[in-house]
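Engineer: Shown below is the structure under consideration.
The values are calculated or read from the model by the stated rules, or taken from the named source; none is laboratory data. Keep in mind the model is a prediction, meaning the values are calculated, not measured. Because the Cβ atoms are built from the backbone with ideal geometry, glycine has one as well, and the counts that use them run over all protein chains shown. Quick note on the areas: whole protein, heavy atoms, side chains included, nothing else; ligands and nucleic acids left out. Shrake-Rupley method; radii C 1.70, N 1.55, O 1.52, S 1.80 Å.
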Amino acid sequence: MTLSVLGGLVLLGGCGALVAVTVSHAPKPRTLPTTEAPQDKAPGKDAPSEDPAVEEGNPEADVKVTRCAVDSLTTWPDAVVEIVNHGDSKATYVVNVDFLDDSGTRRGKGLAATDTLAAGQKTTEKAQGLVKVPGKVTCKVTKVTRYPTN
């Protein structure tokens, strides 16, 4: 019985040491530039994005942030993105968005997607963050994936 209790304590101590080492070596949040659409000044207002120079034909050229805000109740960020299919066939889009705080530190991520968007067609989709971001937020499109659709 005593050996069982002693063995349990040794096991718990080992787990605690493992957690302490893992936490102390966790990567620091990365800091990104905050040049994309600033947070809304008033709810429901669209904020134009500062589109980076992107070569035509790249899926990134088909997407821009039109609104970036933090919900006043949940303090979760969200971004509304406009997707325009500039290609010549139907496509499915997956858009990754980072939510950055005042200091430029990424606080969360969101995804927006649309399926079978016809050539020349546009849509707006919402990327929802699931982390609390008190204060201002900046939304930055980090990756756009375009898949051909039949």
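Engineer: Scan 116, 92 and give me the residue that is within 14 Å of residue 59 (Cβ to Cβ), assigned to a strand (DSSP E or B) and open to solvent by 20 Å² or more (accessible area, probe 1.4 Å).
Structural biologist: Numbers: 116 fails: within 14 Å of residue 59 (Cβ to Cβ).
That would be 92, the only listed residue that is within 14 Å of residue 59 (Cβ to Cβ), assigned to a strand (DSSP E or B) and open to solvent by 20 Å² or more (accessible area, probe 1.4 Å).
Engineer: Now for a different question. Counting only residues that are at positive phi and in a strand (DSSP E or B), how many does the stretch 53-89 have? Please lay out each step first, then the result.
Structural biologist: First, the residues of the stretch 53-89 that are at positive phi: 57, 75.
Still in the list and also in a strand (DSSP E or B): none.
Looking only at that region, the number is 0.
Residue-by-condition table, conditions (1) closer than 17 Å to residue 131 by Cα; (2) at pLDDT 95 or above; (3) over 17 Å from the mean Cα position of the chain (by Cα):
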{"residue": "5", "(1), (2), (3)": "no, no, yes"}
{"residue": "11", "(1), (2), (3)": "no, no, yes"}
{"residue": "16", "(1), (2), (3)": "no, no, yes"}
{"residue": "21", "(1), (2), (3)": "no, no, yes"}
{"residue": "62", "(1), (2), (3)": "no, yes, yes"}
{"residue": "76", "(1), (2), (3)": "yes, yes, no"}
{"residue": "103", "(1), (2), (3)": "yes, no, no"}
{"residue": "113", "(1), (2), (3)": "no, yes, no"}
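Engineer: Follow-up. Take the residues in the stretch 136-150 that are over 13 Å from the mean Cα position of the chain (by Cα) and open to solvent by less than 50 Å² (accessible area, probe 1.4 Å); name whichever of them is farthest from residue 88 (Cα to Cα). Don't jump to the end; show me each part of the working.
Structural biologist: Filtering the stretch 136-150 for residues over 13 Å from the mean Cα position of the chain (by Cα) gives 136, 145-150.
From what is left, the residues that are open to solvent by less than 50 Å² (accessible area, probe 1.4 Å) are 145, 149.
Details: 145: 16, 149: 11 Å.
Only one residue fits best here, namely 145.
Engineer: Determine whether residue 123 is in a strand (DSSP E or B) and open to solvent by 40 Å² or more (accessible area, probe 1.4 Å).
Structural biologist: Working: in a strand (DSSP E or B): yes; open to solvent by 40 Å² or more (accessible area, probe 1.4 Å): no.
So residue 123 does not fit the description; no.
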